[in-house]
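These notes are about the structure you will find just below.
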Amino acid sequence: FMYFTVSADGTILSVNRLDRAKRIDLLIEAAAVESSLEVVVVGEGPDRDRLEALARDRGVVGRVRFTGRVGAEELARLYATCFASFYAPVDEDFGLGPYESFLSGKPVITAMDAGGPLEIVRDGSTGRVVPPEAAAVAEAAVWLREHPDEATAYGSAGHAIAAEVTWDRAIGRLLS
């Protein structure tokens, strides 16, 4: 994964397969609740039409942008310029989303029932962990955007975790 950091442009990023279990609708609903949120949704999948219709129905089309799949360089740019990422699947085992966000030094917003992401996304340490409700997601996003020093500290703490994940270490754990 290629990454770099620059100053945030005020967007919140979702990088996922567009499927109901990923709950990207929570982020779209959060943009409807909080009119200052700008969202970028990266990915393709069976839920894209429903998510785009939801964005239209909620009147957030100008503030919720669907990019489809993007190349590695564009993905790195999107992570570098967002102020946080959103990754809140329903009870998922493991996902790369938080690691990608952390490698770019960005905090992650997830939900209390997300499963695997909760092993590394810790509220008030590497991101925000909230109830799976649009208003809570919106509140966490606004808080991170309005507290850039804390957001940077959370992203740095996440980076330290993500940097520990290497093949050598994984193989060492498997063989021990």
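The values are calculated or read from the model by the stated rules, or taken from the named source; none is laboratory data. Just so you know, these numbers come straight off a predicted model, no measurement behind them. Using ideal geometry, Cβ is built from the backbone for each residue, glycine included, and neighbour counts are taken over all protein chains shown. Protein only, heavy atoms only, side chains kept; ligands, DNA and RNA dropped before computing areas. Shrake-Rupley method; radii C 1.70, N 1.55, O 1.52, S 1.80 Å.
What the table below lists for this structure:
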| quantity | calculated |
| --- | --- |
| Filtered residue count, the range 115-166, keeping only those that are open to solvent by less than 30 Å² (accessible area, probe 1.4 Å), touching a strand residue (DSSP E or B) at 6+ places or on another chain (Cβ under 9 Å), among the aliphatic types (A, V, I, L, M) and over 14 Å from L27 (Cα atoms) | 4 |
| The range 41-64 residues that are touching a residue at least 24 places away in the same chain (Cβ under 8 Å) and over 15 Å from L13 (Cβ atoms), paired with ones that are part of a loop (DSSP other than H, G, I, E, B) and open to solvent by 70 Å² or more (accessible area, probe 1.4 Å) (beta carbon under 8 Å, 6 or more apart) | E44/R17; E44/R69; G45/R17; A55/V61 |
| Top-ranked residue of the range 127-176 - restricted to ones that are among the hydrophobic types (A, V, I, L, M, F, W, C) and at pLDDT below 85, ranked as farthest from G105 (Cα to Cα) | L175 |
| Checking T67 against (1) open to solvent by 10 Å² or more (accessible area, probe 1.4 Å); (2) touching a residue at least 60 places away in the same chain (Cβ under 8 Å), the condition it does not meet | (2) |
| Any pair with Cβ under 7 angstrom, 6 or more apart, that starts in the range 111-129 at a residue that is hydroxyl-bearing (S, T, Y) and ends at one that is assigned to a strand (DSSP E or B) | T126/V108 |
| The range 85-96, residues that are surrounded by fewer than 24 Cβ atoms within 10 Å (Cβ to Cβ) and either small (G, A, S) or closer than 17 Å to A140 by Cα (or both) | P89, G95 |
| Close pairs from the range 134-146: first assigned to a helix (DSSP H, G or I), partner of a type in the set (F, W, Y) and crowded, with 20+ Cβ neighbours inside 10 Å, Cβ under 8 Å, at least 6 apart | V137/F86; A141/F86; L144/F83; L144/Y154; R145/F83 |
| Per-region count, the range 82-134, residues over 15 Å from S156 (Cβ atoms) and hydrophobic (A, V, I, L, M, F, W, C) | 14 |
